[in-house]
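Quick notes on the structure that follows.
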Amino acid sequence: MTSTVDTKADASRPAVPSGLVTVARAPGWIRYALLAVALLVALWLPNGLYPAVAVDILCWALFAVAVDLLLGFTGLMSFGHAAFWGASAYVTGLVAIHAGLPFPAAVLAGALAAAVLAVPIGYLAVKRTGIYFAMVTLAFAQMVYYVANEWRSVTQGENGLQGVPRELFGLDLSDDYYFYYAILPIVLLGLAGAWRIVHSPFGRVLVGIRDNPARARALGYPVHRYKLTVLVLSGFIAGLGGGLFAVGHRFVSLEVLHWTTSGKAVIVVVLGGIGTLWGGVLGAAIVVRLEDWLSFSGFEAIGLVTGGIFVLVVLLFRRGIWGTASALALRWWASRRR
Amino acid sequence: MTGFLQNTFNGLVSGAFYALLALGLAVIFGMLRVVNFAHGAFYMLGAFGAYVLLTEAGVPFWAALVIMPLGLALLGMALERAFIHRLTRLDPLYNFLLTFGLTLILQDLVKLRYGVQSSPYETPSALSGSVDFGLFDFPTYRVFILGFAVAVCVGVWWALTRTRVGMVVRASTERPELTRAFGINVGRWVTPVFGFGIGLAGLAGVLAAPMRAVNPLMGADLIIVVFAVVVIGGLGSIFGSVAAGFGIGLVQAWGEAYLSAFPIVSQTIVFIVMAVVLLWRPAGLFGREEAPA
């Protein structure tokens with residue numbers, strides 16, 4: 001896995017020192033050790049936290065990785081990913097309520113619906129780049145929000161979908177503790193899928209498009225089609241998260257489609273580290289845990305804190321946690337070998 | 001016919017708000033390459049400021065119409081100096097995120113102090129009542145808003161085309177590198193222009209106070225529609241943003257009047273128009289083509 005990706009700092013690029021490269025250069029045993037630690041933490045998590053919070057962390061981890069696939073590895077900031085997360089939540093909820101299927105099938109249906117929704121949105125959005133892409137995706141997500149709000153006969157409007165069942169071949173999953181372990185394999189599959197995309201030839205082309213779209217085009221890559229494809233894949237992964245979120249809460253409200261949800265997904269990625277994939281998982285854990293703690297302690301202005309995190313991270317900590325940590329670790333590694 | 005004229009007039013009035021907000025966004029974007037997410041929050045602060053001035057200090061509408069835009073312009077300039085200017089050399093996405101964070105903070109500060117309920121703001125007595133247009137009556141206040149907004153847009157147009165400052169702003173909007181190459185100090189105008197754009201948002205907010213419910217979230221959903229407006233008009237074009245603002249106001253009003261049987265369509269018509277424009281002219285109706293990417 002040798003990498004020749006050019007990492008020279010270009011001040012105008014959103015993507016910070018690509019984690020792709022740092023991971024590739026870290027010695028193999030460190031990567032396996034980190035993976036083992038991460039798996040152990042994932043297995044232990046609901047014993048150390050409220051299981052409901054642990055479930056939310058898993059869902060948001062998928063959401064963040066989906067956003068990072070675009071932001072970190074394709075250089076596209078989607079500010080409308082709530083459309084995919086939320087659409088899948090609604091479809092999952094509806095399928096689970098009306099068809100009585102086991103919840104993984106309902107979640108799969110939701111994620112597929114999100115991927116289908118990503119086709120028209122993506123087709124239009126990839127016509128613009130940079131800040132315009134963010135505005136266009138934000139606007140289309142708002143459109144989906146209004147549709148869900150108006151289509152009361154299906155979505156129940158502001159009341160939300162109540163009573164989404166957690167059906168799995170008659171198993172009793174009403175306890176969040178057991179539900180966590182039921183969804184963990186699905187989440188790990190989703191994360192592994194994202195890893196596979198990034199480390200495939202397809203993913204290499206995406207990074208090429210991110211770093212130099214004109215050159216990618218000159219080399220004969222259909223840039224728009226690559227962007228659309230990754231948007232659909234990202235929509236699917238975000239949809240997996242959204243569907244599990246719906247089953248986890250047994251309830252779907254309009255909030256899943258709101259623009260604040262899209263914004264929160266982006267800040268989770270920036271906090272964890274753009275272009276690091278696993279940074280998003282870390283960011284999700286921190287933000288979900290923090291918000292739970294704030295609402296538990298009766299603090300009403302959560303936006304004050306999330307907004308504050310936004311401002312501080314963007315001003316002072318643009319590499320994010322994973323980006324900063326891996327840069328430090330690599331420097332230490334390099335100095336030791338000299 | 002009367003109904004159509006009335007809908008058209010209403011459309012132009014709501015278009016006036018879009019136009020004022022889009023104008024501020026376009027001027028700021030032109031000068032700083034910053035898409036200001038907090039624009040809606042400043043609109044809300046304008047309306048809320050007018051409300052607080054009236055109820056807690058007895059300051060009348062006309063005074064608020066001067067005080068709030070100026071005060072918010074100063075606040076905007078302070079924020080530009082403190083935060084935004086540190087990020088202008090990076091990708092514009094960072095300032096988009098920063099101003100998103102500022103939006104959440106400003107909204108929650110107001111929510112914390114005044115709650116989320118809507119507060120009524122009385123129309124100033126000189127503008128209550130209605131104007132008779134022969135075929136139909138129209139509330140005086142709405143006529144005033146439309147006239148005032150058009151006057152402001154024309155005034156800004158005049159300033160941009162006829163004054164030296166305006167020419168510098170236009171030049172650095174259209175060709176920033178070239179303007180610098182002519183030895184013009186572009187940086188000097190950045191902070192005042194940002195303040196000016198924020199002032200316009202505040203002005204729109206004060207104008208909205210007697211007409212729309214004043215609450216902490218009033219700017220949040222509006223700003224996303226304004227983003228669609230500037231995508232339609234082409235953010236690089238100041239004229240295009242204003243024209244798209246009025247145009248979208250019209251389309252929305254007609255949609256609500258004649259497509260009321262299809263609430264899903266009439267509620268999302270702005271975004272449908274945006275989708276069509278992206279298909280037909282991706283750079284916006286009045287925008288220039290970006291470098292292909």
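May I ask you to say which residue of B:Ile67, B:Ile105, B:Ile84, B:Ile28 is β-branched (Val, Ile, Thr), within 13 Å of another protein chain (Cβ to nearest Cβ) and either surrounded by fewer than 21 Cβ atoms within 10 Å (Cβ to Cβ) or free of Cβ contacts under 8 Å to residues at least 60 places away in the same chain (or both)?
Details: B:Ile67 fails: within 13 Å of another protein chain (Cβ to nearest Cβ); B:Ile84 fails: either surrounded by fewer than 21 Cβ atoms within 10 Å (Cβ to Cβ) or free of Cβ contacts under 8 Å to residues at least 60 places away in the same chain (or both); B:Ile28 fails: either surrounded by fewer than 21 Cβ atoms within 10 Å (Cβ to Cβ) or free of Cβ contacts under 8 Å to residues at least 60 places away in the same chain (or both).
None of the others qualify; the one that does is B:Ile105.
Can you tell me which of A:Arg215, A:Arg196 is without any contact (Cβ under 8 Å) to a residue 12 or more places away in the chain and more than 13 Å from every other protein chain (Cβ to nearest Cβ)? It would help to see each step written out before you state the result.
Values: A:Arg215 fails: more than 13 Å from every other protein chain (Cβ to nearest Cβ).
The match here is A:Arg196.
Within segment B:262-271, does at least one residue satisfy the condition of being at pLDDT below 85, farther than 30 Å from B:His85 by Cα and among the β-branched types (Val, Ile, Thr)? Quick ask: steps written out before the conclusion?
Filtering segment B:262-271 down to residues at pLDDT below 85 leaves B:262-267.
Keeping just the survivors that are farther than 30 Å from B:His85 by Cα gives B:262-267.
From what is left, the residues that are among the β-branched types (Val, Ile, Thr) are B:264-265.
Yes, some residue in segment B:262-271 is at pLDDT below 85, farther than 30 Å from B:His85 by Cα and among the β-branched types (Val, Ile, Thr).
The residues listed here are A:Phe73, A:Phe84; of these, the one that is part of a loop (DSSP other than H, G, I, E, B), touching a helix residue (DSSP H, G or I) at 6+ places or on another chain (Cβ under 8 Å) and more than 14 Å from chain B (Cβ to nearest Cβ) is A:Phe73. Please indicate, with yes or no, whether at least one residue in segment B:232-252 is aromatic (Phe, Trp, Tyr) and at the interface with another protein chain (Cβ under 10 Å from one of its Cβ atoms). Within segment B:232-252 (the criterion being aromatic (Phe, Trp, Tyr) and at the interface with another protein chain (Cβ under 10 Å from one of its Cβ atoms)), the answer is no, since none of the residues qualifies.
Looking at the structure I just gave you, is B:Val66 not aromatic (Phe, Trp, Tyr) and not in a helix (DSSP H, G or I)? Please lay out each step first, then the result.
Values: not aromatic (Phe, Trp, Tyr): yes; not in a helix (DSSP H, G or I): no.
No: the conditions fail for B:Val66.
Quick grid of which residues meet (1) among the β-branched types (Val, Ile, Thr); (2) crowded, with 24+ Cβ neighbours inside 10 Å; (3) modelled with pLDDT under 90:
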site: A:Met77; (1), (2), (3): no, yes, yes
site: A:Gly86; (1), (2), (3): no, yes, no
site: A:Pro102; (1), (2), (3): no, no, yes
site: A:Gly110; (1), (2), (3): no, yes, no
site: A:Arg128; (1), (2), (3): no, no, yes
site: A:Ala139; (1), (2), (3): no, yes, yes
site: A:Ser153; (1), (2), (3): no, no, yes
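Within segment B:192-222, the set of residues being surrounded by fewer than 24 Cβ atoms within 10 Å (Cβ to Cβ), part of a helix (DSSP H, G or I) and within 14 Å of chain A (Cβ to nearest Cβ) comprises B:Ala220, B:Asp221, B:Leu222. Taken over segment A:123-179, residues that are without any contact (Cβ under 8 Å) to a residue 24 or more places away in the chain, more than 9 Å from every other protein chain (Cβ to nearest Cβ), assigned to a helix (DSSP H, G or I) and not small (Gly, Ala, Ser) amount to 3. When segment A:239-286 is filtered for residues that are without any contact (Cβ under 8 Å) to a residue 60 or more places away in the chain and closer than 23 Å to A:Tyr180 by Cα, the ones remaining, listed by number, are A:Glu255, A:Lys264, A:Leu282, A:Ile286.
When the residues of segment A:225-275 are narrowed to those that are of a type in the set (Lys, Arg) and more than 25 Å from A:Gly93 (Cα to Cα), which ends up farthest from the other protein chains (Cβ to nearest Cβ)? So that I can check it myself, show each step before the final result.
Here is the first cut: in segment A:225-275, the residues of a type in the set (Lys, Arg) are A:225, A:227, A:250, A:264.
Next cut, more than 25 Å from A:Gly93 (Cα to Cα) only: A:225, A:227.
Working: A:Arg225: 14, A:Lys227: 10 Å.
The residue in question is A:Arg225.
State whether the residues of segment B:59-82 include one that is within 16 Å of B:Val214 (Cβ to Cβ) and touching a Pro at 6+ places or on another chain (Cβ under 6 Å). Taking every residue of segment B:59-82 in turn, at least one turns out to be within 16 Å of B:Val214 (Cβ to Cβ) and touching a Pro at 6+ places or on another chain (Cβ under 6 Å).
Do we have B:Pro92 as surrounded by fewer than 21 Cβ atoms within 10 Å (Cβ to Cβ) and not small (Gly, Ala, Ser) here?
Working: surrounded by fewer than 21 Cβ atoms within 10 Å (Cβ to Cβ): no; not small (Gly, Ala, Ser): yes.
Considered against the rule, which asks whether it is surrounded by fewer than 21 Cβ atoms within 10 Å (Cβ to Cβ) and not small (Gly, Ala, Ser), B:Pro92 comes out as no.
Answer yes if at least one residue in segment B:232-248 is in contact with a Cys (Cβ under 6 Å, 6 or more places away or on another chain) and crowded, with 24+ Cβ neighbours inside 10 Å, and no otherwise. Within segment B:232-248, one or more residues are in contact with a Cys (Cβ under 6 Å, 6 or more places away or on another chain) and crowded, with 24+ Cβ neighbours inside 10 Å. Evaluated against (1) more than 10 Å from chain B (Cβ to nearest Cβ); (2) assigned to a helix (DSSP H, G or I); (3) under 22 Å from A:His224 (Cα atoms); (4) in contact (Cβ under 8 Å) with a residue 40 or more places away in the chain, A:Val116 falls short on exactly one condition, (4).
Within segment A:214-262, the set of residues being in a helix (DSSP H, G or I) and polar (S, T, N, Q) comprises A:Thr229, A:Ser234, A:Thr260, A:Thr261, A:Ser262.
Going through segment A:287-322 one residue at a time, which ones are touching a residue at least 24 places away in the same chain (Cβ under 8 Å) and more than 14 Å from every other protein chain (Cβ to nearest Cβ)? Those that are touching a residue at least 24 places away in the same chain (Cβ under 8 Å) and more than 14 Å from every other protein chain (Cβ to nearest Cβ): A:Val288, A:Arg289, A:Asp292, A:Ile321, A:Trp322.
The values are calculated or read from the model by the stated rules, or taken from the named source; none is laboratory data. Since this is a predicted model, take the numbers as computed values, not measurements. Every residue, glycine as well, gets a Cβ built from its backbone with ideal geometry; the counts of neighbours run over all protein chains shown.
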